[in-house]
1. Once both labels are modelled 7 Å past Cα along the beta-carbon direction, what's the residue 351-residue 57 spacing in nm?
2. Kindly provide the helix-only [θ] at 222 nm of the chain, computed as the sum of -39,500 (n - 2.57) over DSSP H runs of four or more divided by all residues, to the nearest 500 deg cm²/dmol?
3. Compute the FRET efficiency between residue 181 and residue 282 as 1/(1 + (r/R0)^6), taking r as their Cβ-Cβ distance and R0 = 41 Å, and round to the nearest 0.05.
4. Exceeding 20 Å between C-alpha atoms, which entries from my cross-link table qualify? They are 348/425; 411/443; 173/219; 219/241; 114/305.
5. How would the range 227-327 be classified by its alpha-carbon gyration tensor: rounded, prolate or oblate, with rounded meaning a/c under 1.5 and the a/b versus b/c comparison settling the rest?
6. I'd like the orientation of helix 185-194 relative to the chain: the angle between its Cα long axis and the longest Cα principal axis, in ° from 0 to 90, rounded to 10.
7. Which order do you get for 95, 405 if you rank them by accessible area with a 1.4 Å probe, largest at the top?
8. Could you check the simple spin-label distance between residue 248 and residue 80, using points 7 Å along Cα→Cβ, in nm with one decimal?
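The values are calculated or read from the model by the stated rules, or taken from the named source; none is laboratory data. Small disclaimer: the values here were computed from a predicted structure and weren't measured. When we count neighbours, we look across all protein chains shown, and the Cβ atoms used for this are built from the backbone with ideal geometry, even at glycine. We work out accessible area using only protein heavy atoms, side chains counted, and drop any ligands, DNA or RNA first. Shrake-Rupley method; radii C 1.70, N 1.55, O 1.52, S 1.80 Å.
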Amino acid sequence: MTDTKGLGADERAKLMDSVRAGRRSARDKRPASASAKAEAPKRKAFDFKSLPQIKQLQMQRAAADMMGIENPFFRPHDGLATGTTEIGGKIHDNFASYNYLGLNGHPEINQAAKEAIDTFGTSVSASRIVAGERPLHGELEQALARVHGVESSIVMVSGHATNVTTIGHLMHKGDLILTDSLVHNSIAEGARLSGATRINFPHDDLNALEKLLAESRHKFDNVLIIVEGLYSMDGDFPDLKRLVALKQSYDAWLMVDEAHSIGVLGKTGHGIAEHFGIDPREVEMWMGTLSKTFSSCGGYIAGSKALCDYLKVSAPGFVFSVGLSPALTASAIASIQVMEREPERVGKLQENGQYFLKKAKEAGLDTGPSAGYSVVPVIVGDSVGAAILSNRLLERGVNALPIIFPAVPEKSARIRFFITSEHTKEQIDRAIETTVEELAKLKSDGSAVDRLIKATR
(Lines give C-alpha, C1' and ligand atoms only; values in the text may rest on other atoms or scores of the structure.)
Protein backbone atom coordinates (compact mmCIF):
# COMPACT_ATOMS: atom_id res chain seq x y z
CA MET A 1 0.00 0.00 0.00
CA THR A 2 1.19 3.52 -0.79
CA ASP A 3 2.13 5.68 2.23
CA THR A 4 0.24 9.03 1.82
CA LYS A 5 1.75 10.71 4.87
CA GLY A 6 3.67 13.84 4.00
CA LEU A 7 1.69 14.41 0.77
CA GLY A 8 -0.08 17.69 0.21
CA ALA A 9 -3.83 17.93 -0.44
CA ASP A 10 -3.37 18.35 -4.18
CA GLU A 11 -0.96 15.43 -4.37
CA ARG A 12 -3.33 13.18 -2.38
CA ALA A 13 -6.20 14.12 -4.71
CA LYS A 14 -4.15 13.25 -7.79
CA LEU A 15 -3.17 9.93 -6.22
CA MET A 16 -6.82 9.03 -5.48
CA ASP A 17 -7.83 9.93 -9.05
CA SER A 18 -5.09 7.60 -10.28
CA VAL A 19 -6.31 4.76 -8.02
CA ARG A 20 -9.93 5.25 -9.19
CA ALA A 21 -8.79 5.21 -12.82
CA GLY A 22 -6.91 1.98 -12.18
CA ARG A 23 -10.01 0.38 -10.64
CA ARG A 24 -12.14 1.40 -13.61
CA SER A 25 -9.53 -0.11 -15.95
CA ALA A 26 -9.51 -3.35 -13.97
CA ARG A 27 -13.33 -3.52 -14.14
CA ASP A 28 -13.16 -3.05 -17.90
CA LYS A 29 -10.80 -6.01 -18.16
CA ARG A 30 -12.89 -8.37 -16.02
CA PRO A 31 -14.39 -11.42 -17.78
CA ALA A 32 -17.90 -11.00 -19.07
CA SER A 33 -20.76 -12.26 -16.91
CA ALA A 34 -22.09 -15.78 -17.38
CA SER A 35 -25.05 -14.46 -19.33
CA ALA A 36 -22.79 -12.47 -21.64
CA LYS A 37 -20.61 -15.55 -22.18
CA ALA A 38 -23.64 -17.58 -23.13
CA GLU A 39 -24.52 -15.07 -25.79
CA ALA A 40 -21.02 -15.10 -27.33
CA PRO A 41 -20.30 -17.81 -29.92
CA LYS A 42 -18.52 -20.86 -28.51
CA ARG A 43 -14.92 -21.14 -29.55
CA LYS A 44 -14.15 -24.27 -31.57
CA ALA A 45 -11.11 -26.50 -31.00
CA PHE A 46 -7.84 -25.12 -32.30
CA ASP A 47 -7.44 -25.55 -36.04
CA PHE A 48 -4.03 -27.16 -36.53
CA LYS A 49 -4.15 -26.34 -40.22
CA SER A 50 -3.10 -22.83 -39.23
CA LEU A 51 0.30 -24.04 -38.01
CA PRO A 52 3.13 -23.07 -40.43
CA GLN A 53 4.57 -26.57 -40.54
CA ILE A 54 1.20 -28.07 -41.47
CA LYS A 55 0.65 -25.42 -44.13
CA GLN A 56 4.02 -26.36 -45.57
CA LEU A 57 3.08 -30.04 -45.64
CA GLN A 58 -0.18 -29.21 -47.41
CA MET A 59 1.73 -27.21 -50.02
CA GLN A 60 4.06 -30.16 -50.61
CA ARG A 61 1.12 -32.49 -51.04
CA ALA A 62 -0.54 -30.07 -53.43
CA ALA A 63 2.63 -29.91 -55.53
CA ALA A 64 2.84 -33.71 -55.57
CA ASP A 65 -0.81 -33.96 -56.66
CA MET A 66 -0.13 -31.42 -59.42
CA MET A 67 2.71 -33.58 -60.73
CA GLY A 68 0.64 -36.74 -60.41
CA ILE A 69 2.88 -38.28 -57.75
CA GLU A 70 1.03 -40.82 -55.64
CA ASN A 71 2.03 -40.95 -51.96
CA PRO A 72 4.41 -43.95 -51.74
CA PHE A 73 4.00 -44.27 -47.96
CA PHE A 74 1.39 -46.01 -45.77
CA ARG A 75 0.46 -48.56 -48.44
CA PRO A 76 -1.22 -51.52 -46.70
CA HIS A 77 0.22 -54.98 -47.28
CA ASP A 78 -2.36 -57.72 -47.59
CA GLY A 79 -0.39 -60.46 -45.83
CA LEU A 80 3.00 -61.59 -44.58
CA ALA A 81 5.88 -59.55 -46.01
CA THR A 82 8.96 -61.66 -46.77
CA GLY A 83 10.91 -61.75 -50.03
CA THR A 84 7.58 -61.04 -51.69
CA THR A 85 4.51 -59.17 -50.52
CA GLU A 86 0.96 -58.57 -51.72
CA ILE A 87 -0.16 -54.95 -52.20
CA GLY A 88 -3.50 -54.12 -53.75
CA GLY A 89 -4.04 -57.74 -54.75
CA LYS A 90 -0.73 -57.96 -56.67
CA ILE A 91 2.42 -59.85 -55.64
CA HIS A 92 5.61 -57.76 -55.63
CA ASP A 93 9.26 -58.52 -55.04
CA ASN A 94 9.70 -56.97 -51.61
CA PHE A 95 12.77 -54.90 -50.71
CA ALA A 96 11.10 -52.70 -48.10
CA SER A 97 10.96 -54.89 -44.99
CA TYR A 98 13.73 -55.60 -42.50
CA ASN A 99 12.77 -59.23 -41.99
CA TYR A 100 16.47 -59.90 -42.43
CA LEU A 101 16.59 -63.62 -41.66
CA GLY A 102 13.07 -64.44 -42.82
CA LEU A 103 11.97 -65.31 -39.28
CA ASN A 104 8.73 -63.32 -39.29
CA GLY A 105 6.02 -65.87 -40.04
CA HIS A 106 8.24 -68.87 -39.25
CA PRO A 107 5.91 -71.67 -37.99
CA GLU A 108 7.95 -72.31 -34.84
CA ILE A 109 7.93 -68.62 -33.92
CA ASN A 110 4.22 -68.23 -34.64
CA GLN A 111 3.50 -71.24 -32.43
CA ALA A 112 5.56 -69.78 -29.58
CA ALA A 113 3.54 -66.55 -29.76
CA LYS A 114 0.24 -68.47 -29.77
CA GLU A 115 1.22 -70.55 -26.75
CA ALA A 116 2.25 -67.41 -24.86
CA ILE A 117 -1.18 -65.88 -25.53
CA ASP A 118 -2.91 -69.06 -24.35
CA THR A 119 -0.93 -68.97 -21.11
CA PHE A 120 -0.59 -65.25 -20.33
CA GLY A 121 -3.10 -63.45 -22.58
CA THR A 122 -2.30 -60.60 -24.95
CA SER A 123 -0.93 -58.17 -22.33
CA VAL A 124 0.91 -58.36 -19.01
CA SER A 125 -1.40 -55.55 -17.86
CA ALA A 126 1.14 -53.66 -15.74
CA SER A 127 4.67 -52.35 -15.63
CA ARG A 128 7.11 -55.11 -14.85
CA ILE A 129 8.29 -53.48 -11.63
CA VAL A 130 4.72 -53.53 -10.28
CA ALA A 131 2.89 -56.67 -11.43
CA GLY A 132 3.80 -57.22 -15.07
CA GLU A 133 6.82 -59.49 -14.68
CA ARG A 134 6.46 -62.87 -16.42
CA PRO A 135 8.95 -65.76 -16.69
CA LEU A 136 9.32 -65.05 -20.41
CA HIS A 137 10.84 -61.63 -19.74
CA GLY A 138 13.79 -63.05 -17.84
CA GLU A 139 14.24 -65.78 -20.43
CA LEU A 140 14.42 -63.23 -23.24
CA GLU A 141 16.87 -61.02 -21.36
CA GLN A 142 19.14 -63.99 -20.70
CA ALA A 143 19.03 -64.91 -24.40
CA LEU A 144 19.89 -61.37 -25.50
CA ALA A 145 22.78 -61.21 -23.04
CA ARG A 146 24.04 -64.50 -24.47
CA VAL A 147 23.79 -63.22 -28.06
CA HIS A 148 25.80 -60.11 -27.17
CA GLY A 149 28.27 -61.93 -24.94
CA VAL A 150 27.63 -59.80 -21.86
CA GLU A 151 26.27 -60.25 -18.33
CA SER A 152 22.73 -58.95 -18.62
CA SER A 153 20.10 -57.08 -20.59
CA ILE A 154 16.88 -55.10 -20.09
CA VAL A 155 13.95 -55.25 -22.54
CA MET A 156 11.60 -52.34 -23.20
CA VAL A 157 8.44 -52.00 -25.28
CA SER A 158 9.86 -49.64 -27.92
CA GLY A 159 13.18 -49.45 -29.70
CA HIS A 160 12.91 -45.68 -30.05
CA ALA A 161 12.00 -45.27 -26.39
CA THR A 162 14.91 -47.50 -25.35
CA ASN A 163 17.42 -45.02 -26.70
CA VAL A 164 15.51 -41.98 -25.48
CA THR A 165 15.07 -43.16 -21.91
CA THR A 166 18.50 -44.78 -21.49
CA ILE A 167 20.55 -41.87 -22.83
CA GLY A 168 18.24 -39.28 -21.30
CA HIS A 169 18.45 -40.97 -17.90
CA LEU A 170 22.16 -41.85 -17.70
CA MET A 171 23.62 -38.60 -19.00
CA HIS A 172 23.27 -35.20 -17.32
CA LYS A 173 24.30 -31.59 -17.48
CA GLY A 174 28.07 -31.51 -17.17
CA ASP A 175 28.43 -34.63 -19.33
CA LEU A 176 29.30 -34.84 -23.04
CA ILE A 177 27.69 -37.01 -25.74
CA LEU A 178 29.64 -37.47 -28.98
CA THR A 179 27.49 -38.86 -31.79
CA ASP A 180 28.12 -39.82 -35.38
CA SER A 181 26.24 -37.31 -37.53
CA LEU A 182 24.04 -40.05 -39.01
CA VAL A 183 22.78 -41.67 -35.81
CA HIS A 184 19.08 -42.42 -35.43
CA ASN A 185 16.57 -39.82 -34.28
CA SER A 186 16.01 -41.74 -31.03
CA ILE A 187 19.64 -41.15 -30.06
CA ALA A 188 19.37 -37.44 -30.80
CA GLU A 189 16.18 -37.20 -28.73
CA GLY A 190 17.77 -39.01 -25.81
CA ALA A 191 20.75 -36.67 -25.90
CA ARG A 192 18.47 -33.64 -25.97
CA LEU A 193 16.44 -34.95 -23.04
CA SER A 194 19.55 -35.59 -20.94
CA GLY A 195 20.65 -31.96 -20.81
CA ALA A 196 24.22 -33.04 -21.59
CA THR A 197 26.30 -31.24 -24.18
CA ARG A 198 26.05 -32.99 -27.54
CA ILE A 199 28.56 -32.70 -30.37
CA ASN A 200 28.23 -34.45 -33.74
CA PHE A 201 31.32 -35.67 -35.53
CA PRO A 202 31.26 -36.16 -39.33
CA HIS A 203 29.94 -39.55 -40.38
CA ASP A 204 32.45 -42.33 -39.75
CA ASP A 205 35.29 -39.82 -39.31
CA LEU A 206 37.14 -41.26 -36.33
CA ASN A 207 39.99 -38.79 -36.77
CA ALA A 208 37.49 -36.01 -36.09
CA LEU A 209 36.18 -37.95 -33.09
CA GLU A 210 39.68 -38.31 -31.67
CA LYS A 211 40.29 -34.59 -32.09
CA LEU A 212 37.07 -33.80 -30.21
CA LEU A 213 38.08 -36.15 -27.40
CA ALA A 214 41.52 -34.56 -27.15
CA GLU A 215 40.05 -31.05 -27.05
CA SER A 216 37.00 -31.66 -24.84
CA ARG A 217 37.34 -34.74 -22.61
CA HIS A 218 38.86 -32.85 -19.67
CA LYS A 219 35.97 -30.35 -19.60
CA PHE A 220 33.26 -32.88 -18.74
CA ASP A 221 32.40 -35.45 -16.09
CA ASN A 222 31.25 -38.43 -18.17
CA VAL A 223 31.67 -38.76 -21.94
CA LEU A 224 29.54 -41.11 -24.04
CA ILE A 225 30.35 -41.97 -27.66
CA ILE A 226 27.40 -43.31 -29.68
CA VAL A 227 27.59 -45.02 -33.06
CA GLU A 228 25.49 -47.54 -34.97
CA GLY A 229 26.54 -51.08 -35.75
CA LEU A 230 25.22 -50.66 -39.27
CA TYR A 231 23.79 -47.37 -40.51
CA SER A 232 20.23 -47.76 -41.71
CA MET A 233 20.38 -45.08 -44.41
CA ASP A 234 23.76 -45.91 -45.95
CA GLY A 235 24.44 -49.54 -45.09
CA ASP A 236 28.00 -48.98 -43.83
CA PHE A 237 29.52 -49.58 -40.38
CA PRO A 238 32.28 -48.09 -38.20
CA ASP A 239 35.71 -49.43 -37.26
CA LEU A 240 34.81 -50.92 -33.88
CA LYS A 241 38.40 -51.81 -32.98
CA ARG A 242 39.50 -48.20 -33.26
CA LEU A 243 36.42 -46.97 -31.40
CA VAL A 244 37.19 -49.25 -28.46
CA ALA A 245 40.80 -48.06 -28.42
CA LEU A 246 39.70 -44.40 -28.50
CA LYS A 247 37.18 -44.71 -25.71
CA GLN A 248 39.73 -46.54 -23.55
CA SER A 249 42.41 -43.91 -24.21
CA TYR A 250 40.12 -41.05 -23.21
CA ASP A 251 38.19 -42.75 -20.40
CA ALA A 252 34.88 -42.51 -22.26
CA TRP A 253 31.87 -44.81 -22.54
CA LEU A 254 30.84 -46.43 -25.82
CA MET A 255 27.28 -47.23 -26.90
CA VAL A 256 26.63 -49.19 -30.12
CA ASP A 257 23.13 -49.23 -31.62
CA GLU A 258 22.84 -52.66 -33.26
CA ALA A 259 19.28 -52.27 -34.56
CA HIS A 260 20.39 -53.17 -38.10
CA SER A 261 23.56 -55.19 -37.39
CA ILE A 262 22.44 -57.91 -34.99
CA GLY A 263 21.62 -60.97 -37.06
CA VAL A 264 23.39 -59.34 -40.00
CA LEU A 265 27.08 -58.93 -39.14
CA GLY A 266 29.32 -61.68 -37.84
CA LYS A 267 29.56 -65.29 -38.99
CA THR A 268 26.65 -66.34 -36.78
CA GLY A 269 24.81 -63.01 -36.71
CA HIS A 270 26.00 -61.95 -33.28
CA GLY A 271 26.72 -58.46 -34.56
CA ILE A 272 29.59 -56.07 -35.10
CA ALA A 273 31.64 -57.37 -32.16
CA GLU A 274 31.69 -60.82 -33.75
CA HIS A 275 32.49 -59.26 -37.14
CA PHE A 276 35.61 -57.54 -35.73
CA GLY A 277 36.54 -60.21 -33.20
CA ILE A 278 36.13 -57.79 -30.30
CA ASP A 279 35.38 -58.86 -26.72
CA PRO A 280 31.84 -57.42 -26.35
CA ARG A 281 32.46 -56.76 -22.65
CA GLU A 282 34.80 -53.94 -23.69
CA VAL A 283 31.75 -51.93 -24.82
CA GLU A 284 29.65 -50.34 -22.08
CA MET A 285 26.26 -50.51 -23.82
CA TRP A 286 24.82 -52.54 -26.65
CA MET A 287 21.44 -51.35 -27.84
CA GLY A 288 19.20 -53.31 -30.15
CA THR A 289 15.65 -53.69 -31.41
CA LEU A 290 13.42 -56.74 -31.56
CA SER A 291 11.50 -55.66 -34.66
CA LYS A 292 14.05 -56.62 -37.31
CA THR A 293 16.04 -59.85 -37.08
CA PHE A 294 14.03 -61.01 -34.06
CA SER A 295 10.59 -60.63 -35.73
CA SER A 296 8.94 -59.00 -32.72
CA CYS A 297 8.70 -55.44 -31.39
CA GLY A 298 10.54 -53.53 -28.69
CA GLY A 299 14.09 -52.61 -27.75
CA TYR A 300 16.80 -53.55 -25.28
CA ILE A 301 20.07 -52.58 -23.65
CA ALA A 302 22.70 -55.27 -23.08
CA GLY A 303 25.73 -54.79 -20.87
CA SER A 304 26.86 -55.25 -17.30
CA LYS A 305 24.50 -56.54 -14.61
CA ALA A 306 25.07 -53.37 -12.58
CA LEU A 307 23.92 -51.17 -15.46
CA CYS A 308 20.84 -53.24 -16.34
CA ASP A 309 19.77 -53.63 -12.70
CA TYR A 310 20.01 -49.87 -12.26
CA LEU A 311 17.95 -49.16 -15.36
CA LYS A 312 15.26 -51.61 -14.22
CA VAL A 313 14.56 -49.60 -11.09
CA SER A 314 15.16 -46.08 -12.37
CA ALA A 315 14.80 -45.60 -16.16
CA PRO A 316 11.46 -43.80 -16.73
CA GLY A 317 10.79 -45.57 -20.03
CA PHE A 318 10.94 -48.90 -18.22
CA VAL A 319 9.60 -48.19 -14.75
CA PHE A 320 6.56 -46.24 -15.97
CA SER A 321 5.77 -48.36 -19.01
CA VAL A 322 3.88 -51.63 -19.39
CA GLY A 323 5.97 -54.76 -19.80
CA LEU A 324 6.48 -56.32 -23.22
CA SER A 325 3.47 -58.40 -24.27
CA PRO A 326 3.70 -62.21 -23.93
CA ALA A 327 3.36 -62.88 -27.66
CA LEU A 328 6.12 -60.42 -28.58
CA THR A 329 8.40 -61.74 -25.84
CA ALA A 330 7.92 -65.35 -26.89
CA SER A 331 8.40 -64.62 -30.59
CA ALA A 332 11.71 -62.86 -29.87
CA ILE A 333 12.94 -65.81 -27.78
CA ALA A 334 12.01 -68.27 -30.54
CA SER A 335 13.66 -66.05 -33.19
CA ILE A 336 16.95 -66.08 -31.28
CA GLN A 337 16.75 -69.85 -30.96
CA VAL A 338 16.19 -70.33 -34.71
CA MET A 339 18.96 -67.87 -35.60
CA GLU A 340 21.46 -69.67 -33.38
CA ARG A 341 20.35 -73.08 -34.64
CA GLU A 342 20.42 -72.09 -38.32
CA PRO A 343 23.45 -69.84 -38.95
CA GLU A 344 23.09 -70.59 -42.66
CA ARG A 345 20.37 -67.94 -42.70
CA VAL A 346 23.00 -65.34 -41.81
CA GLY A 347 25.30 -66.68 -44.49
CA LYS A 348 22.53 -66.47 -47.10
CA LEU A 349 21.71 -62.89 -46.11
CA GLN A 350 25.34 -61.83 -46.40
CA GLU A 351 25.67 -63.60 -49.76
CA ASN A 352 22.57 -61.82 -51.08
CA GLY A 353 23.75 -58.45 -49.83
CA GLN A 354 27.13 -58.78 -51.51
CA TYR A 355 25.49 -59.97 -54.73
CA PHE A 356 23.08 -57.02 -54.77
CA LEU A 357 25.90 -54.51 -54.19
CA LYS A 358 28.12 -56.06 -56.86
CA LYS A 359 25.35 -56.12 -59.48
CA ALA A 360 24.20 -52.60 -58.64
CA LYS A 361 27.70 -51.18 -59.02
CA GLU A 362 28.23 -53.05 -62.28
CA ALA A 363 24.99 -51.48 -63.53
CA GLY A 364 26.30 -48.00 -62.72
CA LEU A 365 23.98 -47.31 -59.79
CA ASP A 366 25.20 -45.01 -57.01
CA THR A 367 25.11 -47.14 -53.85
CA GLY A 368 26.94 -44.63 -51.64
CA PRO A 369 29.19 -46.13 -48.94
CA SER A 370 27.12 -49.33 -48.48
CA ALA A 371 29.14 -52.37 -47.45
CA GLY A 372 26.57 -54.70 -49.01
CA TYR A 373 24.91 -56.34 -46.03
CA SER A 374 21.26 -55.72 -45.14
CA VAL A 375 20.92 -52.17 -46.51
CA VAL A 376 21.88 -50.93 -49.96
CA PRO A 377 20.72 -47.45 -51.07
CA VAL A 378 20.43 -46.27 -54.64
CA ILE A 379 21.06 -42.52 -54.61
CA VAL A 380 18.62 -40.66 -56.85
CA GLY A 381 19.16 -36.99 -56.00
CA ASP A 382 16.04 -34.97 -55.27
CA SER A 383 13.13 -36.13 -53.12
CA VAL A 384 10.56 -35.76 -55.89
CA GLY A 385 12.60 -37.98 -58.17
CA ALA A 386 12.96 -40.62 -55.45
CA ALA A 387 9.19 -40.70 -54.86
CA ILE A 388 8.45 -40.98 -58.60
CA LEU A 389 11.02 -43.76 -59.02
CA SER A 390 9.55 -45.71 -56.10
CA ASN A 391 6.07 -45.51 -57.63
CA ARG A 392 7.33 -46.63 -61.02
CA LEU A 393 9.15 -49.57 -59.48
CA LEU A 394 5.95 -50.59 -57.71
CA GLU A 395 4.06 -50.50 -60.99
CA ARG A 396 6.59 -52.98 -62.34
CA GLY A 397 6.37 -55.31 -59.37
CA VAL A 398 9.24 -54.10 -57.15
CA ASN A 399 8.41 -52.71 -53.72
CA ALA A 400 11.22 -50.41 -52.51
CA LEU A 401 10.54 -47.20 -50.62
CA PRO A 402 12.10 -43.74 -51.01
CA ILE A 403 14.06 -41.98 -48.28
CA ILE A 404 13.62 -38.25 -48.71
CA PHE A 405 14.41 -34.95 -47.02
CA PRO A 406 14.61 -34.36 -44.05
CA ALA A 407 15.55 -37.98 -43.27
CA VAL A 408 18.51 -37.47 -45.62
CA PRO A 409 19.89 -34.31 -47.30
CA GLU A 410 17.80 -33.25 -50.29
CA LYS A 411 20.55 -33.98 -52.82
CA SER A 412 21.02 -37.52 -51.51
CA ALA A 413 17.40 -38.71 -51.61
CA ARG A 414 17.37 -42.39 -52.40
CA ILE A 415 15.58 -45.68 -52.83
CA ARG A 416 16.55 -47.90 -49.92
CA PHE A 417 16.72 -51.64 -50.59
CA PHE A 418 16.50 -53.97 -47.60
CA ILE A 419 18.12 -57.31 -48.42
CA THR A 420 17.05 -60.52 -46.69
CA SER A 421 18.02 -64.18 -46.64
CA GLU A 422 14.75 -64.90 -48.46
CA HIS A 423 15.58 -63.08 -51.69
CA THR A 424 16.59 -65.04 -54.77
CA LYS A 425 19.26 -64.05 -57.27
CA GLU A 426 16.47 -63.68 -59.85
CA GLN A 427 14.64 -61.16 -57.67
CA ILE A 428 17.80 -59.16 -57.13
CA ASP A 429 18.63 -59.15 -60.86
CA ARG A 430 15.07 -58.08 -61.68
CA ALA A 431 15.12 -55.28 -59.10
CA ILE A 432 18.40 -53.87 -60.39
CA GLU A 433 17.43 -54.09 -64.06
CA THR A 434 14.11 -52.38 -63.37
CA THR A 435 15.76 -49.66 -61.31
CA VAL A 436 18.31 -48.93 -64.04
CA GLU A 437 15.61 -48.67 -66.71
CA GLU A 438 13.26 -46.46 -64.68
CA LEU A 439 16.06 -44.25 -63.37
CA ALA A 440 17.17 -43.56 -66.95
CA LYS A 441 13.61 -42.54 -67.87
CA LEU A 442 13.42 -40.35 -64.79
CA LYS A 443 16.62 -38.51 -65.65
CA SER A 444 15.32 -37.80 -69.14
CA ASP A 445 12.34 -36.04 -67.53
CA GLY A 446 14.66 -33.39 -66.05
CA SER A 447 14.86 -31.97 -62.54
CA ALA A 448 12.06 -31.68 -60.00
CA VAL A 449 11.56 -28.06 -61.08
CA ASP A 450 11.31 -29.15 -64.72
CA ARG A 451 8.68 -31.72 -63.83
CA LEU A 452 6.68 -29.15 -61.86
CA ILE A 453 6.77 -26.70 -64.77
CA LYS A 454 5.58 -29.43 -67.15
CA ALA A 455 2.75 -30.32 -64.76
CA THR A 456 1.45 -26.75 -64.68
CA ARG A 457 1.25 -26.39 -68.47
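1. According to this spin-label approximation, the distance is 4.5 nm.
2. -14500 deg cm²/dmol
3. About 0.95, to the nearest 0.05.
4. In this structure, 219/241; 114/305 lie more than 20 Å apart at Cα.
5. In terms of gyration-tensor shape, oblate.
6. Relative to the chain, helix 185-194 is tipped by roughly 40 degrees.
7. Largest to smallest exposure gives the sequence 405, 95.
8. Each label point is offset 7 Å from its Cα along the Cβ direction, giving 4.5 nm.
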